[in-house]
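Some notes on the structure that comes next.
Taken together, the values in this text are just the output of simple stated rules run on the coordinates, not laboratory data. Nothing here was measured: the structure is a model prediction, and the numbers come from that model. Don't worry about glycine lacking a Cβ; one is built from the backbone with ideal geometry, like all the others, and counts go over all protein chains shown.
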Amino acid sequence: MMRRIIIALLGTLLAITSQAFIVPTTCSPFSSAASSRATSFSLGIFGDSSGSGILSNLFGSKDPGPKTVLEIKASDVKVGALRFLLNIYLVGEQNNPQPKSWLTRQGDSGDLMIYYADGTGMLSLELQEYSIKAVRYGENPSLQYKLQESVLLHSILDELHNVAFGVEDIDEGKRLLQLKDDTVISKAREKLPARKA
C-alpha cells in the first residue's frame, strides 16, 4: 500500500513539472571513451545547478563536485617531461595492490586521469607551470578507492621527491621539478588520510 502511494506521488510530481528527465552519460573507466568525464542534465524536481529542488531537499544533496586532495606549489615544473615521467611511473603502479587495479589515461587538457577498477572514483593529476594538483572525481567513492588512492598518492609523492631532490648529478635549474624547500612534499603527505607505512 505504501509503495503504491509513493509511486503515485512521484508520478504526480513528474506530471506537474514540465522539464526533461535526467539523462546520465557516464564512461566506464576501462572503456575507450575514458577521457571524457561524467555529465548529466539536471531536472528541476531533483535539484537544479544550485542544488535546490523538491526531492533533493527531501533526500539530501549530492557531493558538490571534484575535490582537491593534494596540491603542491613549486618554483618550476617542466610540465611535458614530468607528465611523461609520471605516466611511465603510473604504468608500473597499475597492478598495485592487485592486477588491473588502476588505469591511466591522458585527458584532453593534458592531465593524467587515473581510474580505479571498482569505478567509484577517478584521480586527476593536473600539472601546471608552478603547481601539481591531485583532484578526485566521483559522487561517492568507495572506502577501498579512498584507501588505494591515498597509497598511490604516497608513492607519487615519493617519486616527486626523487625527481626534485634525488638526482644530484643534474643541476637544480634543469630538474623536472623544482621546489622551494623539501618540506613541501612532507606537508602535502600530512594531508593524506592514510599514512605512509
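Take E159 and decide whether it is closer than 21 Å to G80 by Cα, in contact with a strand residue (DSSP E or B) (Cβ under 9 Å, 6 or more places away or on another chain) and outside any loop (DSSP other than H, G, I, E, B). No: the conditions fail for E159. Every residue in region 174-185 that is buried (at least 16 other Cβ atoms within 10 Å of the Cβ) and among the charged types (D, E, K, R), please. Residue satisfying the conditions is R175 alone. Mind checking which residues of region 142-173 are surrounded by 16 or more Cβ atoms within 10 Å (Cβ to Cβ) and among the charged types (D, E, K, R)? Residues satisfying the conditions are K146, E149, E159. For region 131-141, does any single residue satisfy the condition of being more than 22 Å from A188 (Cα to Cα), under 13 Å from the mean Cα position of the chain (by Cα) and loosely packed, with under 15 Cβ neighbours inside 10 Å? Yes, some residue in region 131-141 is more than 22 Å from A188 (Cα to Cα), under 13 Å from the mean Cα position of the chain (by Cα) and loosely packed, with under 15 Cβ neighbours inside 10 Å.
Annotation note: Cβ proximity below 6 Å between a residue of region 180-193 that is touching a residue at least 60 places away in the same chain (Cβ under 8 Å) and a residue that is not in a loop (DSSP other than H, G, I, E, B) (sequence gap 6+ or interchain) occurs for V184/I72; I185/L157; I185/H161; A188/L70; A188/I72; L192/S150; L192/L153.
If you check D111, D158 for being in contact with a Leu (Cβ under 9 Å, 6 or more places away or on another chain) and closer than 20 Å to T68 by Cα, only one passes: D111. Looking across V69, V91, V79, one residue alone is in contact with a strand residue (DSSP E or B) (Cβ under 8 Å, 6 or more places away or on another chain), farther than 15 Å from A188 by Cβ and in contact (Cβ under 8 Å) with a residue 40 or more places away in the chain. It is V79. Within region 129-149, restricting attention to residues that are among the hydroxyl-bearing types (S, T, Y) and assigned to a strand (DSSP E or B), which residue is farthest from M113 (Cα to Cα)? In this case the residue turns out to be S131. Is it fair to say E126 is within 23 Å of K187 (Cα to Cα) and surrounded by 14 or more Cβ atoms within 10 Å (Cβ to Cβ)? Here the answer is yes, as E126 does meet what is asked. Of the residues making up region 108-137, just one is acidic (D, E) and in contact (Cβ under 8 Å) with a residue 60 or more places away in the chain, namely D108. Scanning region 64-89 for residues that are closer than 20 Å to P141 by Cα and either of a type in the set (D, E, K, R) or not in a strand (DSSP E or B) (or both) yields P64, G65, P66, K67, E71. Residues that are in contact with a Gly (Cβ under 6 Å, 6 or more places away or on another chain) and either hydrophobic (A, V, I, L, M, F, W, C) or in a strand (DSSP E or B) (or both) within region 95-121 comprise just one, M113.
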